[in-house]
Structure formats: C-alpha cells, structure tokens
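Just below is one structure, and these are the notes that go with it.
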Amino acid sequence: MLLVAFFCTLSAFIMAIMGIVQRRQHLRLLAGVYVVYYLIALVAVFVVLPSKALFSLIILNVISGVCYLPFLAFSSPDVVIEAGENRPHVRSRNRGLNVAAGILGLLFLTSLFGAAQTKFGVKPVYNSLKIKTMKTAPLLDKDATPIAIAPKTVRNKMNKAMSAVPNTSYYKLGALQTQVVKGKTVYIAPVEFDGFWRWQRAKKSPGYFMIDATNVNAEPKFVKQPMKYTPSAYLFDDAQRVIYNRFPGWVQEGQPQLEIKDNGEPYFIQTVYKARGVSSRINYKSLHVAVLNAKTGETKLYSAAGAPKFINESIASSTAAEMNEIFGWYGNGFFNAHFNKTGVKDPNSNGTEDGVTPVVDKHGNISYFNDFTSPKTGADSTMGYSMINARTGTLTYYTGKNIGVMDSDGAKKIAEKEYVAQKWSATMPIMYNIDGTPTWVVSLLDSTGAFRSYAYIKAADQSVKAYATTATQALDQYRVQLASSGSTASSTTSSKTIKASGTVERVVVIPNGDTQNVLFALKGQDTLWTIGTADYPKAVLMTAGDQVKITGRVNESAKTGTVEDYVNRTFK
C-alpha cells in the first residue's frame, strides 16, 4: 500500500526533486508539500483501494502532478539574459518548469490513449473469452429436481435465524453464496460486522449460516467458525485490503466471497487479473483467484482453474456478467455494437447474482446461467443462452431449439399471470432441456419473499405449463403436459396412446394454477397417470380401491401418462 501511494504521486515526487535541484532555498517547501501529498494519497489508497492497473496509476499521477505544479512554479526562479548592444533584457521561466509541464502533458495524452483503448478496444477482450457453441443442451436426468430455493427466501430465513448468533446486535447477514459442500448444494452467508464500533468491540465474526439449497422446507444452520478477516472488518482485518496488499500487481474484480471446505473451515476468495497495457482491459484467459484463510490471514494466488477443489466459484458472478456483456455485444467490435448491430445479442439481467444465476450440474460443477435476446426494442424471444463454468471461465453458448422461443422476461410474466390476485412475483428463471424440450423453470414468491410454487413452462408454447409446490411434482406434471401435447423428442422420449384398466392403488390431488390435477397409479402398473379436473370434475373424488378404465397418452421414457378418456366404475 505504501508503494501504491508512491506510484500514485510519482509525478509530484519528480517535480519536487527537480525544484529542489534548481533552487535549494525552497527545499523545505517543496519537500513538505510532497510529504503532505503523499500522506493524502496514502490515506486515499488505504480507504478507496484504487485499481492497480497502469491506466489508473497514470490518471492519479496526472491529478497529483497538476496539483503540485503551482508550487513548482512558485519556487522556480526566472533566468535573466543580460542586455547588450541592440539587445534588451530577456526574462524566461526556468527550464525545469517547462519539463514538468511537458511530462504532465505526456501523461495526460497517455491517459487519453488508455481511456480510448478501454472504451473502443473491446475486440481483444472478446478474443480472450474461451467460447464453445453447441446446438443441443444437456438433457435433464429424469430423477433430478434442478430447482434450488430462491435467494430472497433464503435471506429471509437466515435473517430470522440471526437470533442464534451471540451478541446479535453486533452483526448483519453478509452476501449469499452458492456452493457444493460434501456433495450437497447449499447456500452460505457470512455473519458480518454492523459498523466500525461493533467491529472494534467484537474483533471477530462468530461464523456463517448454511442451508440446503434444494429443499424449500430447509432451515438455516448457524456454523460457529470465528473469522478475523472478513469484508466488513476494518483497517488491516478487512479481507479485501489484505488481498490488495499481498498482491500489488493484480487488479481486483468484484468483491471477496465466502467459500468453505468440507470440514467447515472458512475462506474468502477474490477474482484478480492483470490489465492489458495502459488500459484497464481484462484478459479472461489469465483470470486468477486470491484465497484468504479467514482465520489466519494466510493468502495464496492460483489460476482460476487451478484453485483448490473446494472452491466452486473462483470466477465471481460479476465477472461472469461482464463476460456475457462482452460476448453478446462486442464480437464484431465497438462500433458495430452501437451502430450496425450485426450479430449482437443482448444478455437479460434476470439472474440472482449480478444478473446471472448459479446452476449446479450432477457432477457438482457450478455454472452461471444467462439468456440472450435481440437488442431490438420490445423483443421477447431468446437467441440462446450461456453457461459459464465458474472455475474455468469457459462460456458455452447453446442455440438449436433455444432460438426464437420465449426469453426469461416472458417466462416470468407467464408464471406471474397465474397468480395475479395473490401478487406473487417470479424469480430465478432458468432454461432446462427436459426430454428434448427447452423449458423455463421459475420460482414464485409471495410479497414477504416466502416460496409458494414452481412453474415449468414450455419455452415454445406458453400453454404447456405446470405448477406445484415441490420440484418433483412440478416436473412430473410438466412431463405429463408434454406427453399430452405431443411435444416430445424422438431421440429422448416417446409417447403413444394406450388403454388401461385396473384398481387405483395411490392417488393425490395437486393444485395446478386455477385448476387441479389428480395423479394416480394403478395396482401392478408403473405408469403415473394424470387427469385434469377441468375435463373430469368428479376425478377429484377418486380414492384408492376404485375400479377405473382409461385411455391416454404415455411418455414411456418418463413413465407418465395423460388421461384422455376416463370412466370410474366404482363411483359414477
């Protein structure tokens, strides 16, 4: 930090040396003024933590140099050329002042060049992205329930559980983070200090909260793990300041975020990079992550992909959002993005973290999801979606069936229309490939942030949708809807019309928007049948033991069926 403050005032330091060499009687003034400037710069660096990119340092030198120039001018003597025959007295300013002004002018022009490079030189940044394009998205495993509880709901639950923290009034809940711990997807959030005096009193954060991210009924658990170094601590216990001091040549990206080992040990990690030349442009191929032990302060630097295995998101969500922006807008350069707009794709910002949504695959890898739409005003169809691997930074862009279907804005509106009177809000829209069909999965929350329902919506046909309070039920109902609409992929599933009869063994009634669906199974058969009460109102009275005769369409891959014709021989 001392070195950064010196580099921020290097131009003023050079001017002070020049002035002292020129006229020694102003040594105290020139040296004193520089010391004051240096101390101001040191305080500013300590508080603000400015970027260490060469571009930023040049701008700060321009500012400090301009502020110091008047003192150099005051101390610079005039040079008098004696008069002679046919020659008057000539008075000229000291050469040192002219040199100082020239240095400042050069720094100013360099800063303008760096600003222009940062603003317009986006093509090299785009070229540094690791991009893969695929037409077919991975299929969702038939036994998977991909939806996690919404972050807003999690925060509400964790805030209510803060009473479990000793001296609760000292603390507040920190930033929420998705992570995989011992093979399970969880949300974690550090307990942070609520102001300077509370930090001064407590000295250490008592720990963090953890909650199962896949169970809407889960409750947060407070994990006691005292942490000295956190983002809300002050002075030299501030996690971001510790990382800033340990790696002077690296530019920080985003904010420090909590990651924990399987044994519960807490770490704060920070995405860092080296800027390109005199600009602040990022090189996505060389992203690194600084890892800070929240207890001991030990800090290490790794490449993003080479970080320890327990770190799931070595690339921050804010960095992923920037990558989507660069990928969508600047593939053909700056001017094309703002004038011709050839090939431009506008990323939506409906995600839960900086506009993107973390998604965990069956292998425990976390990727950031975001969909893209046309930059044309009023466009409501998607041009595809991206998944950015949170460790490697590889951006995979999925097209194929995802082009021209409903975008995430449209999915949220459709989901909310079903519950207008209740004023539920849609959140966390994610597109999945369910049985070969692009499908939006959305969570619905009430006004207090409490979870109420899942919505599965066919991206190409808003009339095919299913609602349920559990992901499993919603997925089963949606697959039945797909089978009944004939919208299945021959490569992954098949449906056909069959006749069946038998004794009802299990039956359950599930709300589906304004109507209800009756799910039942026949004794000795493995197909789960669904019948809508809109077509057969008496079906809601079905009970185990009833003798039924049905005709319906069966999705053989999902083992689900939709009833098209129904007769209950026991209850008529």
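Residues being polar (S, T, N, Q), assigned to a helix (DSSP H, G or I) and more than 14 Å from residue 346 (Cα to Cα): count how many of those fall in segment 310-324. I'd like the intermediate steps shown before the answer.
So the first thing to find is which residues in segment 310-324 are polar (S, T, N, Q), and the list is 312, 314, 317-319, 324.
Narrowing the set further to residues that are assigned to a helix (DSSP H, G or I) leaves 317-319, 324.
Among the residues that remain, those that are also more than 14 Å from residue 346 (Cα to Cα) are: 317-319.
Total meeting the criteria: 3.
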Which of the numbered conditions does residue 395 fail, given that it passes all the others? Conditions: (1) over 19 Å from residue 436 (Cα atoms); (2) modelled with pLDDT under 90; (3) not hydroxyl-bearing (Ser, Thr, Tyr).
(2)
Index of the failed condition, residue 432 passing every other in (1) modelled with pLDDT under 90; (2) over 30 Å from residue 307 (Cα atoms); (3) out of contact with any helix residue (DSSP H, G or I) (no Cβ under 6 Å at 6 or more places or on another chain):
(2)
Identify, please: which residue in segment 362-386 is open to solvent by 10 Å² or more (accessible area, probe 1.4 Å) and of a type in the set (A, V, I, L, M) and is, among those, nearest to the chain's Cα centre (by Cα)?
383
Does residue 261 satisfy being without any contact (Cβ under 8 Å) to a residue 24 or more places away in the chain and of a type in the set (Lys, Arg)?
no
Qualifying positions in segment 279-297 - assigned to a strand (DSSP E or B) and open to solvent by less than 30 Å² (accessible area, probe 1.4 Å):
289, 290, 291, 292, 293
Residue 272: passes all of (1) farther than 29 Å from residue 113 by Cα; (2) touching an Asp or Glu at 6+ places or on another chain (Cβ under 7 Å) but (1)
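Can you give me the number of residues within segment 380-394 that are of a type outside the set (Val, Ile, Thr) and touching a strand residue (DSSP E or B) at 6+ places or on another chain (Cβ under 6 Å)? Please lay out each step first, then the result.
Our first condition is that a residue be of a type outside the set (Val, Ile, Thr); within segment 380-394, this holds for 380-381, 383-387, 389-391, 393.
Filter once more, so that each one left must be touching a strand residue (DSSP E or B) at 6+ places or on another chain (Cβ under 6 Å): 383-387, 389-390.
Number satisfying all stated conditions: 7.
Counting just the residues of segment 325-360 that are β-branched (Val, Ile, Thr) and touching a helix residue (DSSP H, G or I) at 6+ places or on another chain (Cβ under 8 Å), which one comes out nearest to residue 132 (Cα to Cα)?
326
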Scan segment 441-479 for residues that are over 10 Å from residue 415 (Cα atoms) and within 23 Å of the chain's Cα centre (by Cα) and jot them down.
445, 449, 450, 451
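So is residue 359 in contact with a strand residue (DSSP E or B) (Cβ under 6 Å, 6 or more places away or on another chain), of a type outside the set (D, E, K, R), modelled with pLDDT of 85 or more and open to solvent by less than 20 Å² (accessible area, probe 1.4 Å) or not?
Considered against the rule, which asks whether it is in contact with a strand residue (DSSP E or B) (Cβ under 6 Å, 6 or more places away or on another chain), of a type outside the set (D, E, K, R), modelled with pLDDT of 85 or more and open to solvent by less than 20 Å² (accessible area, probe 1.4 Å), residue 359 comes out as yes.
Test residue 253 against the stated conditions and say whether it is assigned to a strand (DSSP E or B) and open to solvent by less than 30 Å² (accessible area, probe 1.4 Å).
Yes.
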If residue 266 passes every condition in (1) open to solvent by less than 20 Å² (accessible area, probe 1.4 Å); (2) over 22 Å from the mean Cα position of the chain (by Cα) but one, which one does it miss?
(2)
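Considering every residue within segment 325-346, establish whether at least one is over 11 Å from the mean Cα position of the chain (by Cα), closer than 16 Å to residue 430 by Cα and in a strand (DSSP E or B). Show your work before the answer.
Looking only at segment 325-346, we keep the residues that are over 11 Å from the mean Cα position of the chain (by Cα), and these are 325-346.
Now restrict to residues that are closer than 16 Å to residue 430 by Cα: none.
No, segment 325-346 has no match at all.
Mind counting the residues in segment 387-398 that are over 15 Å from residue 347 (Cβ atoms) and open to solvent by 10 Å² or more (accessible area, probe 1.4 Å)? Can you show your working first?
Just the residues of segment 387-398 that are over 15 Å from residue 347 (Cβ atoms), to begin with: 389-394.
Remaining after also requiring open to solvent by 10 Å² or more (accessible area, probe 1.4 Å): 389, 391-392, 394.
Looking only at that region, the number is 4.
Which one of these is closer than 28 Å to residue 174 by Cα and open to solvent by less than 60 Å² (accessible area, probe 1.4 Å): 426, 411, 337? Before the answer, list the steps.
Details: 411 fails: closer than 28 Å to residue 174 by Cα; 337 fails: closer than 28 Å to residue 174 by Cα.
That would be 426, the only listed residue that is closer than 28 Å to residue 174 by Cα and open to solvent by less than 60 Å² (accessible area, probe 1.4 Å).
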Residues being assigned to a loop (DSSP other than H, G, I, E, B), touching a residue at least 24 places away in the same chain (Cβ under 8 Å), open to solvent by 20 Å² or more (accessible area, probe 1.4 Å) and not aromatic (Phe, Trp, Tyr) - total across segment 200-231
9
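When the residues of segment 521-553 are narrowed to those that are β-branched (Val, Ile, Thr) and within 47 Å of the chain's Cα centre (by Cα), which ends up surrounded by the fewest Cβ atoms within 10 Å (Cβ to Cβ)?
Initial filter on segment 521-553 (β-branched (Val, Ile, Thr)): 527, 530-531, 533, 540, 543, 548, 550-551.
Pick out the ones that are also within 47 Å of the chain's Cα centre (by Cα) and you get 527, 530-531, 533, 540.
Values: 527: 17, 530: 24, 531: 25, 533: 16, 540: 13.
Ranking the qualifying residues of segment 521-553, first place goes to 540.
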Any idea which of (1) open to solvent by 40 Å² or more (accessible area, probe 1.4 Å); (2) under 16 Å from residue 52 (Cα atoms); (3) touching a Ser or Thr at 6+ places or on another chain (Cβ under 7 Å) is the one residue 276 doesn't satisfy?
(3)
Among the numbered criteria (1) part of a strand (DSSP E or B); (2) of a type outside the set (Gly, Ala, Ser); (3) crowded, with 20+ Cβ neighbours inside 10 Å, which one does residue 300 miss?
(3)
Pairs needed: first member in segment 355-374, over 17 Å from residue 310 (Cβ atoms) and outside any strand (DSSP E or B); second member anywhere, of a type outside the set (S, T, N, Q) and open to solvent by 10 Å² or more (accessible area, probe 1.4 Å); C-beta distance under 6 Å; at least 6 residues apart or different chains.
355/321
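The values are calculated or read from the model by the stated rules, or taken from the named source; none is laboratory data. As the structure is a computational prediction, the values presented were derived from the model and not from experiment. Cβ: placed from backbone, ideal geometry, glycine included. Neighbour counts: every protein chain shown. Ligands, DNA and RNA are excluded from the accessible area calculation, which covers all protein heavy atoms including side chains. Shrake-Rupley method; radii C 1.70, N 1.55, O 1.52, S 1.80 Å.
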